[in-house]
Amino acid sequence: MEEANSKPSDNLNIVIVGHVDHGKSTLLGRLYADTGSLPDGKLEKVQAICRQQGKEFEYAFLFDAFLEEQEQGITIDTARTFFGWKGRQYIIIDAPGHKEFLKNMISGAARAEGALLLIDAVEGVKEQSKKHGYLLSLLGVRQFAVVVNKMDLVGYRQDVFDAIEKEYREFLGQFKAVPQQIIPVSAKLGDNIANRSEQMPWYSGPTVLDALSAFRKEPGRSEQPLRLPVQDVYKFDARRIITGRVTAGRVKVGDSLVFSPSNKRATVKSIEAFNIDPPPTEGLAGQSVGVTLDEQIFVERGEVASHQDELPLVSTALRANVFWLGRKPLERGRRYQLRVATKEVDCEVATIHRIIDTMDLAQQQGSHVVNKNQVAELTIRTKTPVAFDLSASFESTGRFVLVDEYDIAGGGIVTELVHDDQEFLREEARQRDFAWVKGQVGVEDRAQQYGHRAAIVLVTGGRHTGKSFLARTIEARLVADGRHAYLLDGENLRRGLDADLSEGERGQATEMARRYGEVARLLVDTGLIVVSTTNPFGLAYIEAAQTIRTLVHPVPVIAIHMSKTPEEAPPNTDIVLSGPADFDAATRRILDELKRRGVLAQAIGAKPIFQYSI
Amino acid sequence: MVSPDEHIDHNEGIETVQHLRHLEDQSVYILREAYKHFDNLGMLWSMGKDSTVLLWLARKAFFGHVPFPLLHVDTSYKIPAMIEYRDRVAREWGLKLVVGQNKEALAAGMNHTLGRVTCCTALKTNGLKQLIEQKGYTGIILGVRADEEGTRAKERYFSPRDKHGDWDFRDQPPELWDQFKTTFPPGTHIRIHPLLDWTEINIWEYIKYENIPFIDLYLDKGEGTRYRSLGCAPCTTPIKSTAKSVDDILEELRHTTVAERSGRAQDEGRGMELLRKDGYM
C-alpha cells in the first residue's frame, strides 16, 4: 500500500460503469484502500456493521452508504467520493449498473471526464456492458478504460481475457469508440489495481491507477469560436450585467457580440466581477462571467452570444440522438420542453426515425413511441427559433435535455440542422438586422417615453369571422388607454407599396406576406403596438402569419384566431375565439395577454417590468 | 471574526487556483440558476465555514449583492460566539437574516439528552420545515458537500423534497450537462447544493485565496484544541489541534485521516441517514 497524501494539484471526474454485479463498488473500495485515502475508522465502522449483520466484509460496502443498499446488494445512486493519487484528486462517481437505474448512471457519466467500464471475466460482455459503452460515447465521454474484473475466478487465464477484449472491441468499433486500455484485474484481491499482478505475467499494460494517471483533463475549449449562452440579466445597482457561462471560446472587453436568434448586436464594455482586482478583461470557456454592453439592448436568457463571423445555427427543427428516461414513453406530437444551454422552449417530436437497440445497434423502424431506457433518432420541432450547434463541433450548445411536465426525462445530442421553411426569410432578417442603421433614439428610450413596448397583435382566421372589427376595437381601446397603437390594413399596402405589381405577382401570398412583414418591422421599430389581420392573404393565413413572425422576430406577436365554429388554430396561437364573438371580452383577454407578455405594464402609467429582446 | 493571515504566501500552485476557480464557476452557475428559477428562495447559513463560503459565492454570483434572505434555524443550543458572529456579519454585509426556531419543542423541554436524533429532528429538521412552510420558500440553498458523509455523497445539485420535506433518494431526478430540476409540483420544494463538489480542503484553500472572514472557533487559541465542524454546543466536541491559522489548518488537513465530522455526535450509527431521509440538511 502506498501513501498518497501529497497535496493534489490536479483533479479529474471519473465514472465507473458496467453491468450489475460486475464489481464496480468493489473496485472503488479497493482504489480507496490502496491509495490510502480512507479516513481513519471508516473501514472499522463498515466492518462493525458487517459483523452486526453477520456477513463477510467486502470492499463494496465502504461506498454503499445506505443500509438499504447493503441489504439489496446494489448501488442505488451515484455516490460521489474522492481519492488522491500521484498529485491528482479523483472525484469518483460510482454509477450503478442495475438496469432500472440507468438514469443515475447517465447523471454520473454526463459529468465525467473519464470512465472505467467493468466487465466480469466470468459472465463476459452483457447487455449493460454494451449499453453503457454506447451511452458513454453518446454522452461525450471519450476517455475510458475497460477493466476486466474477477480474473481470479477464471484462473487468470489469458484466453478468457483475449476473447472478451476481441468481442468488446468489435462492439465499440461499430460506433468508432476506442478504449484507452483494456486491463485484466481482480478488484477483490488487488491484482493490477495499484500493484502489478504476479498472477498475470502475460499482461504488460498499465494498472488501473496507471491508466487513470494517463487520462488527461479535457483540452480547454477556449480556442474554439465564442459561445456565451445568456443565463440572466441583473440590475442590482447602476450596472446592467448580462451573465452566463462561456461554453466555448473567450469573450474580451471591446468584442462586438451578436446575440442569436434575436440578431441584436453590442460591444462588451466591461467584464464585471466581485473581489477581483484589477477587474478581468476576458472570460474563458468554463467561466461564469458577467458583462456590460456599450448599448442598452434587450437580450434575454436563452440567447447565445457569439462573434459575427462564427454564428451558431438557428432553426425551429433539428435532428438528434436521444436517450429516454421518462416514466411515460416519449410520444410523437406530445408537448415537451427542450432545454439547450440556457434556452427553454416548447417542442414536439415531429418524427421518430428509428429506435437504436444498444445490444446489437440494430435499428428498428416505424415506432410511434420511445420507451424508457431506449435510444432513438428523432426530429424535434420547437415553438420558436433556437440557437444551437452540432454536437460534433460544440459540446455544450450541441446537446439538450427534454422535460416532461416537471421532470428531465431525456437527453440528446444534435446531429443535424433540419431546414425549416423559414430559413431564407430568417437569413434575410439576420442580414437586415446586422446592417440596420439606428438613430440616436434607442428602443429603450421609446419604451420609456411611451410607457409600453412594441408588439404585433395579429388576428387570423377565415372570411367573415369579424377579424377586422376586432382589430379596430383593439386599436381604439389601446389608444383610448393612452397607448401608441396603429391599425395596419393590408388594403393600404396593396394600393400603395404594391401598386406596381402585376395581378399575378399580387397572387403570390409569400411575397405579399414578406412585404407586409417588412412594413410591420418598420412600424414596431418606431415603438408602436401594431394591430393587424391576415385578411389580405385570404386562406393562406397560416403561412402568412409565420412569415410575419419570422420577419419581426423577436418582437412579441400576440396571435388571435377567430372562427365561427371550432377549428384548428395555426401553430403558436395565443387566444382562440370560436363561435359568436363577444368583442368586449375578447379585448379584455388581449389586453391581459399584452400585460402577461410584458408589453404593457400591469397598471397604466407604470413601466413594464418584463424584459424581452428587441 | 478573523481574516486569514495577512502574511500568507500566495504562491499556491497554479493548478490549485485553477481548480478553485473551476469550483467557483460551477457554484456561481448553480446559484444563478436557482435565482432565475425560484421566486421564493432562501439560503441556509449556519455560520460554519461551508455556508460562509456559500455566502461569499452568492456575493460573487450577484456582484456584491445577496438577493435573497439568509435563514438560520436556531436550536438555542448553538455556541454563543456563533450568534454574535452571525449578527455582526449580517449587519456589515447588509444581509437579510431570517431566524427560525421550533419554539413549541423548546417550550416542551427538547434537548439532546432525549436522544440526539430526536433532538436534531425536533429542533433542526422540524425547525427548518416550519420555517419553509411559514415563509413559503420553494427553493432552499444549502452548503452540504458530497465528501462530508455518505448520504450527502448521493445528493444532486437540485434535489426535490416532497410535501413533508422527505427525500426520496431511491428515485432522484436525472441531472446532466448543467441542466437541473427547476420545475416542481405545487407544495413541494427543491434543495439546492452549490458546494457538492467541494472538499474540506477546497473550502479552506478558498477561504485563504479569497481572504474570507470566518469565525475563530476553527482556530486554536492556545488551549491546544479547535473545532473542525460546528454544530450545537452539547453535541459538538473540539479536536486536539494547534492550528492557529488557515495555513496551519491546511497543513493539518493534508495529513489527517480522521473524518471531518468525527466530532459530530449525530453521525453515529445510522443517524445521518435517518435524519436526511426525513428532511435534515
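The values are calculated or read from the model by the stated rules, or taken from the named source; none is laboratory data. All figures in this text were calculated on a predicted structure; none of them were measured in a lab. Because the Cβ atoms are built from the backbone with ideal geometry, glycine has one as well, and the counts that use them run over all protein chains shown.
Couple of notes before you dig in:
- Strands (runs of 3 or more DSSP E) within segment A:313-379 that include 2 or more residues modelled with pLDDT under 95 and not basic (K, R): A:313-324, A:343-356, A:363-365
- A:S396 in contact (Cβ under 8 Å) with a residue 12 or more places away in the chain, touching a helix residue (DSSP H, G or I) at 6+ places or on another chain (Cβ under 7 Å) and not aromatic (F, W, Y): no
- Exactly one residue among A:E543, A:E568 is more than 22 Å from A:L478 (Cβ to Cβ) and in a helix (DSSP H, G or I), and that residue is A:E543.
Residue by residue, here is whether (1) out of contact with any Asp or Glu (no Cβ under 7 Å at 6 or more places or on another chain); (2) more than 14 Å from chain A (Cβ to nearest Cβ) holds:
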position: B:L23; (1), (2): no, no
position: B:A34; (1), (2): yes, no
position: B:A61; (1), (2): yes, no
position: B:G64; (1), (2): yes, no
position: B:L71; (1), (2): yes, yes
position: B:T75; (1), (2): yes, yes
position: B:A81; (1), (2): yes, yes
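- Top-ranked residue of segment B:133-161 - restricted to ones that are part of a loop (DSSP other than H, G, I, E, B) and away from chain A (no Cβ under 12 Å), ranked as nearest to A:T342 (Cα to Cα): B:T138
- Here A:D309 fits the description: at pLDDT 90 or above and out of contact with any strand residue (DSSP E or B) (no Cβ under 9 Å at 6 or more places or on another chain).
- Residues that are surrounded by fewer than 22 Cβ atoms within 10 Å (Cβ to Cβ), not hydroxyl-bearing (S, T, Y) and not in a loop (DSSP other than H, G, I, E, B), drawn from segment A:269-303: A:K269, A:I271, A:E272, A:E282, A:L284, A:L293
Residue by residue, here is whether (1) crowded, with 20+ Cβ neighbours inside 10 Å; (2) of a type outside the set (A, V, I, L, M, F, W, C); (3) under 33 Å from the mean Cα position of the chain (by Cα) holds:
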{"residue": "A:L493", "(1), (2), (3)": "no, no, no"}
{"residue": "A:L501", "(1), (2), (3)": "no, no, no"}
{"residue": "A:G504", "(1), (2), (3)": "no, yes, no"}
{"residue": "A:A509", "(1), (2), (3)": "no, no, no"}
{"residue": "A:L523", "(1), (2), (3)": "no, no, no"}
{"residue": "A:N535", "(1), (2), (3)": "no, yes, no"}
{"residue": "A:I542", "(1), (2), (3)": "no, no, yes"}
{"residue": "A:T547", "(1), (2), (3)": "yes, yes, yes"}
{"residue": "A:T550", "(1), (2), (3)": "yes, yes, yes"}
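- Here the condition is being surrounded by 17 or more Cβ atoms within 10 Å (Cβ to Cβ), under 19 Å from the mean Cα position of the chain (by Cα), part of a loop (DSSP other than H, G, I, E, B) and within 12 Å of chain A (Cβ to nearest Cβ); of B:L196, B:L230, it holds for B:L196 alone.
- Of the listed requirements (1) away from chain A (no Cβ under 14 Å); (2) within 22 Å of B:F38 (Cβ to Cβ); (3) part of a loop (DSSP other than H, G, I, E, B); (4) more than 19 Å from the chain's Cα centre (by Cα), B:D168 misses just one: (1).
- Selection within segment A:234-257 - within 12 Å of chain B (Cβ to nearest Cβ) and either of a type in the set (S, T, Y) or surrounded by fewer than 23 Cβ atoms within 10 Å (Cβ to Cβ) (or both): A:Y234, A:K235, A:F236, A:D237, A:A238, A:R239, A:R240, A:I241, A:T243, A:T247
- A search for C-beta distances below 9 Å between a residue of segment A:359-374 that is surrounded by 11 or more Cβ atoms within 10 Å (Cβ to Cβ) and any residue that is at pLDDT below 65, counting only pairs 6+ apart in sequence or on different chains, returns A:N373/A:K99; A:N373/A:E100.
- Taken over segment B:243-258, the criterion of being within 24 Å of A:G84 (Cβ to Cβ), in contact (Cβ under 8 Å) with a residue 12 or more places away in the chain and either part of a loop (DSSP other than H, G, I, E, B) or of a type outside the set (D, E, K, R) (or both) is satisfied by B:A243, B:S245, B:V246, B:I249, B:L250, B:L253, B:R254, B:V258.
- Of A:A513, A:A509, A:A485, A:A520, all but one fail to be under 19 Å from A:D574 (Cβ atoms), in contact with a helix residue (DSSP H, G or I) (Cβ under 8 Å, 6 or more places away or on another chain) and free of Cβ contacts under 8 Å to residues at least 60 places away in the same chain; the exception is A:A485.
- Qualifying residue in segment B:214-227 (condition: within 13 Å of chain A (Cβ to nearest Cβ) and either assigned to a loop (DSSP other than H, G, I, E, B) or under 22 Å from B:T75 (Cβ atoms) (or both)): no
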